[in-house]
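Structure record follows, encoded as structure tokens.
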């Protein structure tokens with residue numbers, strides 16, 4: 001039912017929670033009932049001050065919150081090593097889950113969360129906000145129209161500013177790695193635009209410019225073989241100049257057998273180069289998406305969207321395979337998991 005009121009709890013104060021709240025605050029039947037830090041000392045000031053949280057109760061222990069109000073939906077954004085355990089606890093309470101990415105830092109943790117989600121029949125989505133970008137939504141429609149022909153090569157760039165990284169980013173046990181934190185967005189764009197999944201990966205990442213954060217890589221590359229026969233390259237960095245107009249530089253180039261496309265989410269452009277044209281033609285952009293409001297609508301149907309859940313698990317699995325490839329300096333072939 002579209003008018004079913006959903007009680008929502010916010011667990012943690014880190015990451016893209018604000019972007020989720022900005023979107024769902026326009027849903028008149030979404031009620032932010034409570035918010036809570038996940039670990040001692042976690043700052044949830046910005047979350048609690050959000051306009052959508054005006055009536056939210058504040059708790060000091062997330063397990064007590066889950067027991068007390070049994071929320072319909074849990075929005076989880078906290079230190080990355082804690083995401084899986086918190087999501088497991090919330091799923092066991094019957095909560096549908098909107099989680100910061102990556103949703104796990106190890107394959108064992110990922111499989112444990114998957115089993116819990118499937119057992120309790122709750123929906124889960126990671127915060128894959130690139131799917132909301134008008135440029136990438138336009139690129140998706142153009143690709144599926146057949147104008148480009150079959151995909152041949154994709155190039156994706158993800159460049160972010162360093163500003164304001166928390167200290168725990170410098171410790172692998174808390175942070176994981178940058179291929180997981182940033183690279184998942186690029187892998188998400190590949191899947192969203194073309195529908196393809198990675199079947200083999202080679203990768204490298206390193207920290208060259210931020211020695212005080214030794215385990216936070218500020219540069220990385222991925223070479224991927226896709227299940228539709230195309231290849232993709234990904235470059236990621238945390239070295240975007242601090243005075244740049246936008247926080248990130250998110251760009252896609254997709255070469256098809258018949259035409260080529262470029263989409264820049266930061267500049268809000270999408271253009272196509274066809275046979276017979278001397279240069280790229282700008283396309284009319286679609287509207288931005290609303291993936292979190294769509295998620296709430298899915299929850300209201302009282303059905304489990306297996307494909308939506310599998311997307312977040314598969315992309316996290318691809319990130320873990322990329323980290324393995326970077327560490328082993330060799331290609332890693334992926335298994336048929338989470339499909």
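Against the list (1) touching a strand residue (DSSP E or B) at 6+ places or on another chain (Cβ under 8 Å); (2) under 16 Å from residue 101 (Cα atoms), the condition residue 154 fails is (2). Kindly indicate the residue of the range 57-75 that is in contact with a helix residue (DSSP H, G or I) (Cβ under 7 Å, 6 or more places away or on another chain) and more than 20 Å from residue 103 (Cα to Cα) and also surrounded by the most Cβ atoms within 10 Å (Cβ to Cβ) among those meeting that condition. Among those residues, the one meeting the criterion is 59. Applying a threshold of 7 Å to beta carbon distances and a minimum spacing of six or more residues, or different chains, the list of pairs starting in the range 164-175 at a residue that is closer than 19 Å to residue 208 by Cβ and ending at one that is surrounded by fewer than 16 Cβ atoms within 10 Å (Cβ to Cβ) reads 170/212; 170/214. Where strands (runs of 3 or more DSSP E) fall entirely within the range 1-81, those with at least 1 residues that are at pLDDT 95 or above and more than 26 Å from residue 105 (Cα to Cα) are at 6-11, 30-36. Applying the condition of being under 21 Å from the mean Cα position of the chain (by Cα) and part of a loop (DSSP other than H, G, I, E, B) to the range 246-283 and asking which residue is surrounded by the most Cβ atoms within 10 Å (Cβ to Cβ) yields 265. Entry remark, the range 201-234: residues being crowded, with 16+ Cβ neighbours inside 10 Å and in contact with a strand residue (DSSP E or B) (Cβ under 7 Å, 6 or more places away or on another chain) number 18 in total. The criterion of being in contact with a strand residue (DSSP E or B) (Cβ under 9 Å, 6 or more places away or on another chain) and not assigned by TED's automatic domain parsing to the domain that holds residue 25 holds for residue 237.
Only residues that are on the phi < 0 side of the Ramachandran plot and without any contact (Cβ under 8 Å) to a residue 12 or more places away in the chain were counted in the range 293-317, giving 5. The set of residues in the range 141-167 that are within 21 Å of residue 18 (Cβ to Cβ) and surrounded by fewer than 16 Cβ atoms within 10 Å (Cβ to Cβ) comprises 163, 164, 166, 167. How about the range 91-131: which of its residues are closer than 17 Å to residue 306 by Cα and in a helix (DSSP H, G or I)? Residues satisfying the conditions are 91, 110, 111, 112, 113, 114, 115, 116, 117, 118, 119, 120. Taken together, 7, 26 contain a single residue that is in contact (Cβ under 8 Å) with a residue 60 or more places away in the chain and exposed (fewer than 14 other Cβ atoms within 10 Å of the Cβ), which is 26.
Comparison of 138, 116, 125 shows that the only residue that is over 21 Å from residue 30 (Cα atoms), crowded, with 17+ Cβ neighbours inside 10 Å and touching a strand residue (DSSP E or B) at 6+ places or on another chain (Cβ under 9 Å) is 138.
Just to be sure before I move on: is residue 318 within 30 Å of residue 120 (Cβ to Cβ), modelled with pLDDT of 95 or more and touching a helix residue (DSSP H, G or I) at 6+ places or on another chain (Cβ under 7 Å) in the structure I sent? It is true that residue 318 is within 30 Å of residue 120 (Cβ to Cβ), modelled with pLDDT of 95 or more and touching a helix residue (DSSP H, G or I) at 6+ places or on another chain (Cβ under 7 Å).
The values are calculated or read from the model by the stated rules, or taken from the named source; none is laboratory data. From a predicted model like this one, the values you see are computed outputs, not experimental measurements. Using ideal geometry, Cβ is built from the backbone for each residue, glycine included, and neighbour counts are taken over all protein chains shown.
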